[in-house]
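Engineer: One structure coming up, written as structure tokens, with questions to follow.
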Amino acid sequence: MWVQGDMDRKRKLYAAKAAVILGVIPILLYAYEYGPDAGVVGVPGETGTCTASGCHVGTANSSQGSVTVTFPNGQNYTPGVKQHLVVTIADPATTQRAWGFELTARSSTSPQSQAGTFTPTDANTYLMCASTNLVQQANANQACPANLPLQYAEHTLAGYNASRGKTGSFNYEFDWTPPSTDVGNIVIYVAGNAANGDLTVNGDHIYTKTYTLTPGAAGPAPSIDAQKGIQNGASFVQGQPVAPGSYVAIFGSNFASSLTLADTIPLSTSLAGVSVTFNGVAAPLGGVTSGQINAQVPWSTPSSGNVQVVVTRNGVPSAPATVPMTSISPGLFYVATDSTGVNRPAVYSNSTGRLAYPAGSFSGLTTEPAKVGDQGTLVLLATGLGLVAKTPADGDALRDSNGKVTTSDTVNKPTVLVGGVAANVVFSGLSQFPSVYQINVILPAGTPTGNAVPIQIQMNGVTTSDQLKIAVTN
């Protein structure tokens with residue numbers, strides 16, 4: 001998730017000045033092999049192409065080669081639905097043995113308006129971010145800053161090196177997420193470089209192409225189920241109020257065409273063209289599928305009364321649904337049901353990391369019973385435990401001033417019952433994952449033992465189900 005920044009772009013941005021002052025001409029030429037400046041893909045009103053701007057010598061599209069983009073759904077897009085694009089630069093000349101590209105997406109009616117966002121999926125590509133006048137530019141590994149709204153996907157030094165020595169063609173791959181609403185036709189501008197690899201402006205073949213993508217139908221409006229509605233995402237108790245900051249499940253229909261899971265933290269407020277609001281405030285999303293959405297209730301949501309929840313898919317909103325709110329609504333996360341029919345929770349040893357189930361309960365998981373008196377503590381993963389001493393940003397873990405993940409204690413301390421016996425709670429607070437709380441306990445003498453001992457959380461007059469069970473031994 002955390003990728004070290006690429007210094008080649010910084011070197012390139014200052015290369016022209018260095019060439020004048022120091023006469024280091026090769027630096028300028030060398031840098032262009034590893035990804036051009038923004039604005040050389042032929043967008044009207046920008047620099048033009050690499051041949052027009054002078055970073056390569058020759059006439060564009062003059063040889064037998066090509067640059068093409070493969071779109072997974074043809075030349076159309078669904079608002080907000082991510083696509084995986086493949087750029088192929090091809091040239092039959094055996095002298096062309098290194099490959100590069102640049103690509104951007106713009107509104108067909110306003111070429112200076114960025115259309116959607118790009119996300120690198122490997123080390124071979126990154127983003128070149130630019131101001132609308134192209135004066136300010138910087139590279140980024142995942143997302144462009146707000147002050148640099150124009151985005152260009154292009155090859156990295158690692159990508160260039162991976163392409164060296166390859167003849168015939170080379171592919172680059174990355175993701176593109178269209179705007180969340182229908183913005184009309186979108187034009188994809190792409191330029192490809194079939195280079196000879198000699199690190200000069202001479203002898204390279206530049207190819208350009210444009211594609212016009214049309215918006216697909218928005219589809220039926222999403223609908224929130226009137227009975228199941230919005231539930232605690234761990235306990236799944238229908239009708240139980242939910243708490244600010246907690247992980248919830250929203251049930252309904254027409255939410256999404258397929259399963260999409262969040263793959264970054266902070267969590268995004270849009271996945272596959274789907275978004276959710278609580279009283280108008282966007283909720284971070286953990287995953288979406290046709291009939292269920294997992295989301296975090298924004299921390300600012302009122303902790304009493306009812307709030308309105310709306311699901312929007314590709315710009316089409318659902319009818320609002322009402323969910324009751326409370327300050328605390330505990331839920332212990334469920335993992336799986338074992339071969340004996342026992343429901344197992346997210347409870348593990350802090351010292352060994354092993355889940356507190358009988359040994360060998362699940363293939364591929366390390367398990368062993370919890371031990372009475374173990375000072376290494378037993379860890380429970382839960383949600384809905386209420387306010388914490390320091391509230392993190394929505395969709396994120398709590399971070400210190402250096403951006404490192406840190407902990408924050410719950411304002412109210414839970415009671416944990418194991419076989420009906422209160423455990424010694426030594427910590428209760430946020431974990432490193434959004435909406436997920438962690439409770440560390442020590443099992444006291446007298447705790448019942450066995451392979452199916454109920455474990456429950458008790459807070460705010462609510463006791464979680466006794467159907468989640470762990471294994472306990474002395």
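Engineer: For every helix of n ≥ 4 consecutive DSSP H residues, a contribution of -39,500 (n - 2.57) applies; sum these over the chain, divide by its total residues, and give [θ] at 222 nm rounded to the nearest 500 deg cm²/dmol.
Structural biologist: On the way: 5 runs with 35 residues, N = 474.
Helix contribution divided over all residues of the chain: -2000 deg cm²/dmol.
Engineer: Report ³J(HN,Hα) in whole Hz for each residue of region 313-329, in order, from the Karplus equation J = 6.51 cos²θ - 1.76 cosθ + 1.60 where θ = phi - 60°; Gly and Pro get x.
Structural biologist: Calculated HN-Hα couplings, in order: 10, 6, x, 9, x, 7, 5, x, 10, 9, 10, x, 10, 8, 6, 9, 8 Hz.
Engineer: Return the long-range amide H neighbours of Ser169 (sequence gap of 5 or more, or a different chain), with a cut-off of under 5 Å between placed amide H atoms.
Structural biologist: Here Asp91 satisfy the definition.
Engineer: Can I ask one more? Of the listed values (1) 83, 47, 42; (2) 95, 60, 49; (3) 134, 59, 48, identify the label whose number matches Cα extents along the principal axes in Å calculated from this model.
Structural biologist: (1)
Any read-out appearing in this document is the output of simple, stated calculations on the displayed coordinates, not a laboratory observation. Worth saying up front: this structure is predicted, and the values here are computed from it rather than measured.
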